[in-house]
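Each value in this text was obtained by applying a stated rule to the coordinates, not by laboratory testing. Every value quoted in this text rests on a predicted model; they were computed, and no experiment measured them. So basically every Cβ, Gly included, is an ideal-geometry build from the backbone, and we count neighbours across all protein chains shown.
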Amino acid sequence: MSDEDFLERLHSLRADAPDYGETSRAENTHGEFLRRLKDWEALSKLDEGTVLHIWRRSERCEDCELCSFLESEVDRVGLFGAQVWQIWRFALAYRALKNWINQTIFEQNLAKEHHHDEDDRDAGEHKDEESKENCLVCSSNRTTSLSERPEDVEPATAYEFAMDVVFDMEITRRYHAFSEIKKITDPILLKSGKVLQVMGGFLGTHTNSESCLACQIVAGHGQDPEELTALGSPCDDLSLPRRRELLRNHKLPFAPRRLSQRDAIREVRIGMIHKGSWHGLSLEEYRRSAKHGLIPRRRRPSNSLDPVSTAPDISESLAVASGSSRRIPSPRLPSTIQAPEQLEKAYRQHAKDMDAFIPQYGEHTGSARPVKAKFDVDLLNYWLTSCQARHGDVCRRNAKQIAPQGMILLDTEDMCLRHVGDGVLPSYFALSYVWGAIHQPVLTTHNLERWKQPGSLKRRDIPTTIRDAIAITQESGLRYLWVDAMCIVQNDPELRSIQIQQMYLIYNQAELTIIDGSGNDCMNGLSGVSHLEDRWDKESTYTIGDVTLSRVLQEPRYGLEASPWRTRGWTFQEELCSRRAVVFLPNVVLFSCMKSLWREDIRLEGEIGPKPSGYLNSLPAPTGQLLSLSERISVFRDLVKQFIKRVLTRIDDIENAFAGIAGMLEYATGPLYHGIPEKDFVYVIDGCWFWNMGVRPRLGFSSWSWTGWIYAAEQADTGIAPLPNLGTTVGLIQFYVLEHEAVRSLWSEGSPNLPTTEDLRDHFEPNEAQVQHWWSEHGVQEVPSRGLIGFFTSLLHLRVRAPRGLGAGQYREFSVCSPITGAVLTSLTLPEDFLRDRDALQPFIAIAYSAVDRSFRIMLVEFNDGICTKVNVTAPRRRIHEEIWWSLGPERRLIIMN
């Protein structure tokens, strides 16, 4: 369409339309949207992403509830971001000013020590006029203003002064000798002391936090501040829990940050979103594009907002959705032609923290439910009753299961401890939380009898989170609660071990597990019980005309993923083994069972459908149908990969923290031997052996198992699953367990036999009698029996050669060479200083064979008093052909590995 045709069409449309003014036109379109919003059933049938309304700040009308709602919501996000940004800049400025002061004092002392005088160095010529203006020596006015500014320091001016001083001093040092600068540094140092006092008082309230970004910057650890700053606006890079934590830790008096014309939100588009059984409205914000400018009509861009074509015409869709044949009028055209404005989407909320708005329309499924400052325990009781009545045996406790041996419960009525006898197990709740670096009362052999006395726990200084769990239990009508710190005897290794081995039963048989998904430690308290700061009671509900909207998080699971609770190793089994759980997040409470996930802020109890993924994980329940080999291994590996991403305060708790999961899986995988199912040992150990990474050993644990290594999160996927096409131990090596005086074979039934040559049979053929003889001769008296396995293999001593040059990390790729010719055979990853105290010739054993190309995968090992320890395996696709291996004269060896 040509420009002339466009103008003619626009004039004809305007001639036929009533002559509304700007305000009345906006009121008309807003009123039209509110009328549509009342018919929520029709709106919810529209497609995902359908734009229902476009609101422009320039068209804001007075006393309009819709305009007030949108403006306040947009400003809320901007204000939140401004507060976080201010704290961010404050921390950077504090660190920069402190560094500058330390450097200046150091230089002054150095000058005195070497008797510098003002004639030691000539000042350079100052030709840069802009730098002259900022130079403290050349610009006397600038110097005066800086020295006078912080007489009455406030947080809002402290940042500005700190950055000005650091910036200007750097410029001054660039052009002048230190002797010239020295005369102006003393007054500025005196003034800066007061600034540091103000800033330090603000930042010093939370200096011990490991997760607080401001504290990390001030302490100088964590990520590099330059890298952090390069990420862009902190609001874009911090998740909602991190932002809320930052504001909670550092309550900086708010100093308004004026938004630039480009940052200001110019337009909001209201669209439909669908999340399973509920529907809501989303707000997409748009700001002026960085490429914005006056564009002639003849060069009108295709992506600019056309006053005719961009108005959302959804009348036909609404008519179909509502079953009406009446066409709903489209929004009116603007009365004047304005220059087109190029807009771009403004991501002022973290992608994982996007809000949705849901109308409150009675008790219907998917309707919003207001979140109050204090959590309503009656809602929890309703969830429990609904689950018990509707979900049957899936979520019900197994009546045949007996009470765990020696179980102790906290009696919330008499406030004391009770031993559970051999009779019927009473109904109880369990608590899952993060202990943190907080001293808390724990059960020991010294206070066990005293804590059994009625009322004894009333006089104890019980942490806030445990007290809140006690209150939830009491208000729910139950009497008993299980808390690990107060129900496991912590100083008796034998009793503690028995309880730890039964923890999966304790959580699985509890009526409900109370999860603190927002606390860093046991003193935080449960959100909505005693911790009320983050609840959205004042900001989450808007009344627009006859419609009440509630603001909710589209995906609260991201807050759960970001919680400290989700990072701990012990809480992993507590999560998996719980049949039901109530999760207290900062701004919402969730209820999860084997069948459903319900939310405090949305009525979802009537939904029919699968439980949404990504929230609490549950172990597969026994179905009476045995899992296949591939299913068993897949389930096991997935659980291990998730578990090794978690953090343990004590690294020697690795097997104890996994014991509950192992107990729950025993019906499918059978018993575990140091982290690996005995029934599928040869299949699972393939994944534990076939990787080539720099991983630290876990001292005191079996090097042949995944439990013997400390993985980084990014190594978890590789550390338990084998890489494809690299050969296998299955059919090649037969493993034996050496335990006490017994030797047991771990040969799996149905494992395939690889085609073998005479050499392979000679070196790898099992001999249980020989293993038993070795064990009876050496093992029982001389060798510790913790986690030993035995197998026959082929062994060679090969030359290990360090890489040349300097490495960038702790681990490097070493070459493995022939001891005869020196030719490179393969490679493997080792610590950079591996050969510092070792010989170049090192023992290697064959651990896998590929019949396709007749090659071996080999492992570097170390021997200590006859016991072998795994070091690492060779690079994945650099195997050694069997002809080369046999030509070097390997020996058959019985390997006893720890």
(message) I need the shape label for the stretch 355-603. Rule: rounded when a/c is under 1.5, else prolate if a/b > b/c, else oblate, with a, b, c from the alpha carbon gyration tensor.
(response) prolate
(message) Between Gln501 and Trp747, what is 0.36 nm times their sequence separation minus the Cα-Cα distance? Round to one decimal in nm.
(response) 85.9 nm
(message) Could you work out the pair-distance distribution P(r) of the stretch 377-519 from its alpha-carbon pairs, with 5 angstrom bin width and percents rounded to whole numbers?
(response) 2, 9, 19, 23, 22, 15, 7, 3, 1, 0
(request) Starting from the amide H of Ile602, placed 1.01 Å from N in the peptide plane, find each other amide H under 5 Å away whose residue is 5 or more places distant or on another chain. (result) Arg369
(message) Sort 572-578, 377-383, 484-490, 732-738 by the packing proxy (mean of other Cβ within 10 Å over each peptide's residues), most packed first.
(response) 572-578, 732-738, 484-490, 377-383
(request) Report the label-to-label distance for Asp759 and Ser239 in nanometres (one decimal), using points 7 Å from each Cα along the Cα→Cβ vector. (result) 5.3
(request) Note down the net charge around Trp709, summing +1 for each Lys or Arg and -1 for each Asp or Glu among other residues with Cβ under 10 Å from its Cβ. (result) +3
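Work out how much length Leu841 to Arg248 would gain on full extension: take 0.36 nm times their residue separation and subtract the Cα-Cα distance, in nm to one decimal.
Additional length available on full extension: 207.7 nm.
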(request) Mind giving me the nanometre distance, one decimal, between the label points for Trp435 and Gln388, set 7 Å out from Cα along Cα→Cβ? (result) 3.3
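Rank-order 413-421, 161-169 by packing density, defined as the average count of other C-beta atoms within 10 Å over each peptide's residues, highest first.
The densest-packed peptide leads the list: 161-169, 413-421.
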(request) Grab the beta carbon distance between Glu41 and Gln342, set R0 = 45 Å, and tell me the FRET efficiency rounded to 0.05. (result) 0.75
(message) Whole-Hz ³J(HN,Hα) for each residue in the stretch 450-458, computed from phi via Karplus 6.51 cos²θ - 1.76 cosθ + 1.60 with θ = phi - 60°, x for glycine and proline: what do you get?
(response) 5, 6, 7, 6, x, x, 5, 7, 5
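Assign one of three labels to the stretch 564-697, namely rounded, prolate or oblate, based on the Cα gyration tensor with a ≥ b ≥ c the square roots of its eigenvalues; rounded applies when a/c is under 1.5, prolate when it is not and a/b is larger than b/c, and oblate otherwise.
Values: a/c = 2.41, a/b = 1.50, b/c = 1.60.
Verdict is oblate for the stretch 564-697.
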(message) Quick check for me: using +1 on Lys/Arg Cβ and -1 on Asp/Glu Cβ, what's the dipole size of the stretch 799-895 about its Cα centre, in debye to the nearest 20?
(response) 240
(request) Report ³J(HN,Hα) in whole Hz for each residue of the stretch 378-383, in order, from the Karplus equation J = 6.51 cos²θ - 1.76 cosθ + 1.60 where θ = phi - 60°; Gly and Pro get x. (result) 4, 5, 4, 4, 5, 4
(request) Would you give the gap between the C-alpha center of the stretch 343-412 and the C-alpha center of the stretch 800-862, rounded to a whole Å? (result) 54
(request) Once you have the Cα-Cα distance between Leu629 and Ala351, take 0.36 nm times their residue separation minus that, and quote the gain in nm to one decimal. (result) 96.1 nm
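Take the residue pairs Lys275/Lys595; Lys275/Lys611; Lys98/Lys191; Lys251/Lys372; Lys374/Lys595; Lys98/Lys194 and return only those whose Cα atoms are more than 19 Å apart.
In this structure, Lys251/Lys372; Lys374/Lys595 lie more than 19 Å apart at Cα.
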(request) Using only the alpha carbons of the stretch 151-203, determine the length spanned along each of the three principal axes and report them from longest to shortest in whole angstroms. (result) 35, 17, 17
(request) Calculate, for Glu62 and Thr205, the FRET efficiency according to 1/(1 + (r/R0)^6) with r their C-beta to C-beta distance and R0 51 Å; round to the nearest 0.05. (result) 0.75
(request) Rounded to the nearest 0.05, what FRET efficiency do Glu154 and Lys275 give with R0 = 45 Å and r taken as the Cβ-Cβ distance? Could you check? (result) 0.50
(request) Mind pulling up the Rg/Rh value for the stretch 629-711? Radius of gyration and Kirkwood radius, both on Cα. (result) 0.93
(request) Beta carbons within 10 angstrom, averaged per residue: use that to sort the peptides 841-852, 274-285, highest first. (result) 841-852, 274-285
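Summing Lys, Arg as +1 and Asp, Glu as -1, what charge do residues with Cβ under 15 Å from the Cβ of Leu443 carry, Leu443 excluded?
-1
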(message) Skipping prolines and chain starts, which residues have an amide H placed within reach, meaning under 5 Å, of the one on Cys868, given they are 5 or more residues away or on another chain?
(response) Ile896, Met897, Asn898
(message) Around Pro803, under 13 Å between beta carbons, what's the net of Lys plus Arg minus Asp minus Glu among the other residues?
(response) 0
(message) For His53, what residues show an amide H to amide H distance below 5 Å, using hydrogens built from the backbone and excluding near sequence neighbours?
(response) Ile270
(request) Give a residue-ordered list of calculated ³J(HN,Hα) values for the stretch 494-499 (Karplus: 6.51 cos²θ - 1.76 cosθ + 1.60, θ = phi - 60°; whole Hz; x for Gly, Pro). (result) 5, 5, 5, 5, 4, 5
(request) Please give, to one decimal in nm, the separation of the simple spin-label points placed at Lys452 and Lys611, each 7 Å out from Cα toward the Cβ. (result) 3.7
